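Peer 1: Okay, here's the structure, questions in a sec.
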Amino acid sequence: MRNLQITTRWLNKEQKTLKTTLEEASVPELRQGEILVEMLAIPMHGSFWLASHPDGIHPRRDEFMIDDEFVFGNGGVGRVIRSNADAREIAEGDYVTVFGHVPCEHYDCYACTVLHRYTECDYGESTIIGHGKHSYDGSYAKYVVLPKYSYEICYRKHENPTIQQLMPFMFGFLIADVRNALTRHADSLRMRRLLLVGSGFSGLIAAYIHNRTCPESRIFVLDSSEERLAVIKAIDPESIETYVLPEEIVGELNNKQQSLGFRHELNSSIEDIAKKMKAHFGGRGCNLLFDSSSGNTAPIWDNKNILSPSTHCIPFGFGSHYILLNKDLIQFSGLNIMMSRGVGNIRNRKEVIELIKAGASAFIEEHLIEPAIRLQGLEEGIKYIDEMHNPPRPLHQVGHAYIIPNPNFNG
């Protein structure tokens, strides 16, 4: 059986530049415990655009390119067409949500075998499909091979799910990722004043989860796109307020060589953000920060004007170069900066499946699927990628999209 895959390779290894093309490859034989899945819907999100950017800007680029190429994709929804796993657990015809994270093979790894938080592997040997480190190819393809724990069943074959029921599950991995970050620390659930940086897919999901999890919560959102901000405000116009970041600031934040004294130049903008944020929060600062931007946005918030004692900071995006802990922030008692990576433990993944079935599907359809560009077939997908990459667009200017690899799937 032949496969079609969206593959990123070196364009020029010495200059560290990348090129993404559509390639044909063989589907490997299944090993014990593996399944073969026909992909039905795959979201294109910030991590992909960061990883495949022609300028090779992903902070973990060398991991991705350890074999000189990678097929991205750690999410999506698909149908099992072959199985070499326990028939009591999974069978041909079942439908799965791809979560993509794979545990290591050490029986004494506490993170992988007890906590089932594979990104925190004791040996550093856990992998994510499509993310290098000699892992499995990802889901940006017609077919994908999945090992145990890298997926969850969303419907059994006999349940005969409709196309409308299946489509929202393509975002299961991203919802699990965001939900894991927001709930990883128990005290984060009691924080009512959320400063959200970035209103892409992850930001939308964070606003939705926080708005429905924390009663009487208020959210203040920063982004350069008025259109995206309008979408996120519509989730709850009374409790959500927005702030448009000027394009010149965003451009400088994402500049590899920031001008000397740029952080000092940001002060007036930071003061304006802080003033409007505190007005929305009843004179108080934020006590929960979620940075979902794919750009270098830490310089906006790693300061005493934005943060305050006891704030929980979650740098969720991959674009920031560093967080500056100066003498002012070091004095902030209770300040918690928590890195959160991955889709969480088994409980979180299964609860996300139930969350989508219990009503989150309507949010996903309205806010993530309907406004996005539908790309019918991998060929259309690669054309869109080429459009975004030639010339390379800034990450915050890339549109939302998803791919339907099988032209006969009427999602």
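Peer 1: Quick check: the angle from helix 267-280's long axis to the longest principal axis of the chain, C-alpha only, nearest 10 degrees?
Peer 2: Once rounded, the angle reads 80 degrees.
Peer 1: Hey, in the chain, which Cys have no second cysteine's beta-carbon closer than 4.7 Å?
Peer 2: Among the cysteines of the chain, those whose Cβ sits 4.7 Å or more from every other are 104, 121, 154, 214, 286, 313.
Peer 1: Would you list 152, 23 from the most to the least accessible area, probe 1.4 Å?
Peer 2: 23, 152
Peer 1: Given the DSSP H assignment, sum -39500 (n - 2.57) over each helix run of at least 4 residues in the chain and divide by its residue total; what's the result at 222 nm in deg cm²/dmol, nearest 500?
Peer 2: Using -39500 (n - 2.57) per qualifying helix, the result is -7000 deg cm²/dmol.
Peer 1: Which whole-number percent gives the relative contact order of the chain, counting Cα pairs below 8 Å spaced six or more residues apart?
Peer 2: It rounds to 18 percent for the chain.
Peer 1: Based on the Cβ-Cβ distance from residue 13 to residue 372, what FRET efficiency comes out when R0 is 30 Å, to the nearest 0.05?
Peer 2: With R0 = 30 Å, the Cβ-Cβ based efficiency is 0.35.
Peer 1: Which order do the peptides 75-82, 247-254 come out in when sorted by mean C-beta neighbours inside 10 angstrom, highest first?
Peer 2: 75-82, 247-254
Peer 1: Quick one, which of (i) 20.9, 63; (ii) 22.9, 73; (iii) 19.7, 57 is the actual Rg and Dmax of the Cα atoms in Å calculated for this model?
Peer 2: The calculated read-out lines up with (i).
Peer 1: Quick one: with all protein chains in place, what share of the accessible area of the chain is carbon or sulfur, to the nearest percent (1.4 Å probe)?
Peer 2: Reported share for carbon and sulfur atoms: 48 percent.
Peer 1: With the chain treated as a Gaussian network of Cα nodes joined by springs under 10 Å, which of 56, 261, 319 yields the largest mean-square fluctuation?
Peer 2: 261
Peer 1: Report the paramagnetic label zone for residue 380: residues of the range 11-45 whose backbone N is under 13 Å from a point 7 Å from Cα along the Cα-to-Cβ axis.
Peer 2: Those under the cut-off are 41-42.
Peer 1: Solvent-accessible area per residue for the chain at a 1.4 Å probe radius, Å²?
Peer 2: Heavy-atom accessible area per residue stands at 44 Å².
Peer 1: In the Gaussian network model of the chain, springs joining C-alpha atoms below 10 Å, which of 86, 55, 386 carries the largest mean-square fluctuation?
Peer 2: Ranking 86, 55, 386 by mean-square fluctuation puts 86 first.
Peer 1: Separate question: Compute the relative contact order of the range 276-411 as a whole-number percentage, counting only Cα pairs closer than 8 Å that sit 6 or more residues apart in sequence.
Peer 2: It rounds to 19 percent for the range 276-411.
Peer 1: Now for a separate question. Return the whole-Å distance between the Cα centroid of the range 138-184 and the Cα centroid of the range 284-329.
Peer 2: Value for the Cα centre distance between the two parts: 30 Å.
Peer 1: In whole angstrom, how far apart do the alpha carbon centroids of the range 360-401 and the range 1-49 sit?
Peer 2: 17 Å
Peer 1: May I pose another question? Could you pull out which residues in the range 313-356 have an amide N less than 17 Å from a spot 7 Å beyond the Cα of residue 88, following the Cα-Cβ vector?
Peer 2: It comes to no residues whatsoever.
Peer 1: Right, another one. Angle between the Cα long axis of helix 201-213 and the longest principal axis of the chain, 0 to 90 degrees, nearest 10?
Peer 2: So the helix axis and the longest Cα principal axis differ by about 70 degrees.
Peer 1: Shifting gears a bit: Over the range 350-411, what is the relative contact order in whole percent, taking alpha-carbon pairs under 8 Å and six or more residues apart?
Peer 2: 42 percent
Peer 1: Now a separate question. Can you figure out the FRET efficiency of residue 185 with residue 362, using R₀ = 22 Å and their beta-carbon distance, to the nearest 0.05?
Peer 2: Efficiency, from the Cβ-Cβ distance: 0.15.
The values are calculated or read from the model by the stated rules, or taken from the named source; none is laboratory data. Quick caveat, the model's predicted, so the values are computed rather than measured. Virtual Cβ from ideal backbone geometry, glycine too; neighbours counted across all protein chains shown. These area figures cover heavy atoms from the full protein model, side chains too; ligands, DNA and RNA do not enter into them. Shrake-Rupley method; radii C 1.70, N 1.55, O 1.52, S 1.80 Å.
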